[in-house]
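The values are calculated or read from the model by the stated rules, or taken from the named source; none is laboratory data. Here the structure is a predicted model, which is why all the values come from computation and not from measurement. Virtual Cβ from ideal backbone geometry, glycine too; neighbours counted across all protein chains shown. Each accessible area value is taken on the protein alone, full model and side chains, heavy atoms only, with ligands, DNA and RNA left out. Shrake-Rupley method; radii C 1.70, N 1.55, O 1.52, S 1.80 Å.
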Amino acid sequence: MNTVSLFDELLEELGTQSLARLDLNIFNTSSYEAYMESTKLTTNMQKATQQHGNNPNGFGQLYETLEVGKENISNAYNKNKNRSFTTDELAEISKVFKGENIDLYKKETILANYSDEEIKNLTNNVNLDNLTKTNHTIVDTVTLNEKGEIAKTEQLKAVNDSIFGKEYNRYFEAIKNGNLDYIKLIKKLTKGRKKK
């Protein structure tokens, strides 16, 4: 009798498909870390979808989660020790470590994705003091090098229009002031687009 649950089979298949979509050879032994990162991406996307799936403005959170996951898969596969996180995830990790009140599903996702040592090290990393905030107003994602130093910070925007309007000036000011490294854009698809 097969004792593997359907959920476990689905999770494994999602991880395999994630690697295949990124053109990573799943039969290469160096792919193990990339496979583990793809599993994290799967659980983080499930969490983000549960939390933001019905929100018409939730696309931004899904975009952040997907970009961080893709970057971590690629870094792991290429043996680059940099790891990326959303600032929301860093805030959740900190809350779990400190025993603060946090949604059970978020807590379980953090505990499934990170060891106790990783949770402790991320929470105690002084480089992240101002970045472990839910809905950070400037930074969406943080990439750490293997020493725990900040390699880059990014603001991810899903936009329908230009980012050169007044509402986006704060991000350019943050870059100018050294509080942000990059702005990454994706054109948000809208309902009712004209067919060609």
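Each residue in the stretch 88-135 was checked for being basic (Lys, Arg) and touching a Phe, Trp or Tyr at 6+ places or on another chain (Cβ under 7 Å), and 1 of them qualify. Residue pairs whose Cβ atoms lie under 9 Å apart, sitting 6 or more positions apart in sequence or on different chains, and linking a residue in the stretch 162-184 that is at pLDDT 90 or above to a partner that is of a type in the set (A, V, I, L, M, F, W, C) and loosely packed, with under 11 Cβ neighbours inside 10 Å, are Phe172/Phe164. Looking at Ile138, is it in a loop (DSSP other than H, G, I, E, B), among the hydrophobic types (A, V, I, L, M, F, W, C), open to solvent by 20 Å² or more (accessible area, probe 1.4 Å) and under 22 Å from Lys47 (Cα atoms)? For Ile138, the condition - in a loop (DSSP other than H, G, I, E, B), among the hydrophobic types (A, V, I, L, M, F, W, C), open to solvent by 20 Å² or more (accessible area, probe 1.4 Å) and under 22 Å from Lys47 (Cα atoms) - is not met. Taking every residue in the stretch 119-137 that is among the hydrophobic types (A, V, I, L, M, F, W, C) and pairing it with any residue that is open to solvent by 80 Å² or more (accessible area, probe 1.4 Å), at least 6 positions away or on another chain, the pairs with Cβ-Cβ distances below 6 Å are Ile119/Phe97. Using the structure shown, decide if Gly148 is open to solvent by less than 40 Å² (accessible area, probe 1.4 Å) and more than 17 Å from Asn179 (Cα to Cα). Yes. Please determine whether any residue of the stretch 162-172 is among the charged types (D, E, K, R), surrounded by 15 or more Cβ atoms within 10 Å (Cβ to Cβ) and more than 23 Å from His52 (Cβ to Cβ). So far as the stretch 162-172 goes, no, none of its residues is among the charged types (D, E, K, R), surrounded by 15 or more Cβ atoms within 10 Å (Cβ to Cβ) and more than 23 Å from His52 (Cβ to Cβ). Taken over the stretch 113-131, the residue count meeting the criterion of being open to solvent by 80 Å² or more (accessible area, probe 1.4 Å), more than 23 Å from Ser38 (Cα to Cα) and not in a loop (DSSP other than H, G, I, E, B) is 1. The sole residue among Glu100, Glu92, Glu108 that is over 28 Å from Tyr32 (Cβ atoms) and either in contact with a Cys (Cβ under 6 Å, 6 or more places away or on another chain) or free of Cβ contacts under 8 Å to residues at least 60 places away in the same chain (or both) is Glu100. Just the residues that are under 21 Å from Val68 (Cα atoms) and among the hydroxyl-bearing types (Ser, Thr, Tyr), please, taken from the stretch 129-183. Within the stretch 129-183, Thr132, Thr134, Thr137, Thr141, Thr143, Thr153, Tyr171, Tyr182 qualify.
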